[in-house]
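**Student:** One structure, as structure tokens, below. Some questions next.
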Amino acid sequence: MEIPRLSDGLILPMEKAACRNALVSVRLPNMFVLFLSEKPATNTYYETVKQESELWIARICAFSDRTRRTITNCDFSYFCSIVVPDASPLELQTICDWGNWVFPFDDMFDNGGLKDDPIQAQQLVNSLLNGMQDNGTVSDDNEEHPLVQVHNSVWRRLAKVSPVGVRRRFAKAMRDYCNGAIEQVHSCSRGEYPTLDEMLALRRQSAGVSPLFALVEYGHKLHIPDSVFETRSIKEIERIGIDLVLLQNDILSYCKEEKEGVTHNMVAICRRAGMPAQMAFDHIGGMLLSRYHDWYLALADLPSWGECIDSEVQQYIRGVQNVVKANLHWSFRSGRYFGKANEEVRKTGIVTVQPQSADVELSIL
């Protein structure tokens, strides 16, 4: 079978897929491996901050009861408590507020009212980015969209106490994230289907992972020289961390996004290119394995800057690692992807997806 326009490693061997009740059963790649096999540490203040953060954003945004329940069940505060296990309650709440903001904001571009409306999407993004100034100030936001007000508050708190380098890295990460989200909207509105490599490049921006790295600096009060972030090994560690999160996410979110008609998913791209379902999941799993290999090579290439800086750099690298670990463990705790089937999927590794032509052809071989 010819698989058009796919790259990023070899295509893994194809296995027969089991069809049952017009659905195709698929075994997920084993992702609880290497440093992801360890049980994550969580912040002591998680439970208290979770309640405060959810109440705060619900009040600012006037969320409906349904949206409040969605935010509570999503439980992104658990994710954040793994990312910064040693943060104080004040810093943890700021990070949880950003986390509880990013999902309703991101959903507007993924499957909400902005997914195919580039003009309105650009206006919202402009409003959000205008709220962040290099000098740490924030514009008057009384007339802004409630989600912009939430983000302005997060920026104000971060900018008040963070070194200029942290502010700039967070602001750049947010610009990249928003630009990626806008490009995704343009692609959707034009009915375009990117290749796997094109999607990977786009998702490195639009997945919203890199702002979390700057929030690690803020949450753990790190003071790392800007020059450190220009070294090849640190850039590679960040790139691999982002890839691991978005590859995990596209594997674990596929069933939910398939039902919602979301097309910017790398498993979906593989299936659209002609792969049977199991082969598509295995292919993305193979991409994960190559990133684990790259991770340890990047660590081995890390230079030394002296004891004091090295200590903070190691905390930062653990923070990147914690983001990857948080994403995986949170995905099987929150109800966002598998609902009440979390434990069953975690135990069996089996999910069901809608059949496509390649699965039907395979089932009759």
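**Student:** Could you tell me which of 178, 237, 58 has its Cα farthest along the dipole of region 41-337 towards the positive end, charges placed at Cβ (Lys, Arg +1; Asp, Glu -1), taken about the Cα centre?
**Tutor:** Selected residue: 58.
**Student:** A further question follows. Over the Cα atoms of region 41-337, what Rg and Dmax result, in angstrom?
**Tutor:** Computed over the Cα atoms of region 41-337, radius of gyration and Dmax are 18.6, 52 Å.
**Student:** What is region 41-337's relative contact order, in percent, from Cα pairs under 8 angstrom and six or more apart in sequence?
**Tutor:** That works out to 22 percent.
**Student:** Hey, quick one: spin label on residue 299, modelled 7 Å out along Cα-Cβ, who in region 21-60 has an amide N within reach, i.e. under 20 Å?
**Tutor:** 30-42
**Student:** Can you give me the relative contact order of region 231-298 as a percent, contacts being Cα pairs under 8 Å and 6 or more apart?
**Tutor:** 44 percent
**Student:** So how do 89-97, 311-319, 249-257 stack up, highest first, on mean other-Cβ count within 10 Å?
**Tutor:** Working: 89-97: 23.0, 311-319: 17.6, 249-257: 21.2.
Ranked from most to least packed, the peptides come out as 89-97, 249-257, 311-319.
**Student:** Count neighbours as other Cβ atoms within 10 Å of each site's Cβ, and list the GluC sites (Glu not before Pro) in region 189-218 that are DSSP loop with at most 16 such neighbours. The partial results should precede the final answer.
**Tutor:** On the way: sites: 192, 198, 217; in loops: 192.
The qualifying sites are 192.
**Student:** List the DSSP H helices in the chain whose Cα atoms stretch 18 Å or more along the helix axis and whose mean Kyte-Doolittle hydropathy is at least -0.5.
**Tutor:** Helices meeting the criterion: 46-61, 89-110, 146-161, 164-189, 232-252, 277-300, 307-331.
**Student:** A further question follows. Could you give log10 I(q)/I(0) at q = 0.15, 0.17, 0.18 Å⁻¹ for region 240-293, computed by the Debye formula over C-alpha point scatterers of equal weight, without solvent?
**Tutor:** Calculated log10 I(q)/I(0) at the listed q: -0.38, -0.48, -0.54.
**Student:** Determine the distance separating the Cα centre of region 148-175 from the Cα centre of region 196-244; give it in Å without decimals.
**Tutor:** 15 Å
**Student:** A further question on this structure: At residue 130 and residue 342, where each label point lies 7 Å from the Cα along Cα→Cβ, what is the point-to-point distance in nanometres?
**Tutor:** 4.0 nm
**Student:** Ranked from highest to lowest mean number of other Cβ atoms within 10 Å per residue, what is the order of the peptides 58-65, 232-239, 272-279? Walk me through the numbers on the way to the answer.
**Tutor:** Working: 58-65: 13.0, 232-239: 17.1, 272-279: 21.6.
Ranked by mean Cβ neighbours within 10 Å, highest first: 272-279, 232-239, 58-65.
**Student:** Which order do 46, 78, 218 fall in if you start with the one that has the fewest other Cβ atoms within 10 Å?
**Tutor:** 46, 78, 218
Any read-out appearing in this document is the output of simple, stated calculations on the displayed coordinates, not a laboratory observation. Computed from a predicted model, the values in this text were never measured in an experiment. A quick note on method: Cβ atoms are made from the backbone with ideal geometry, for glycine too, and the neighbour counts reach across all protein chains shown.
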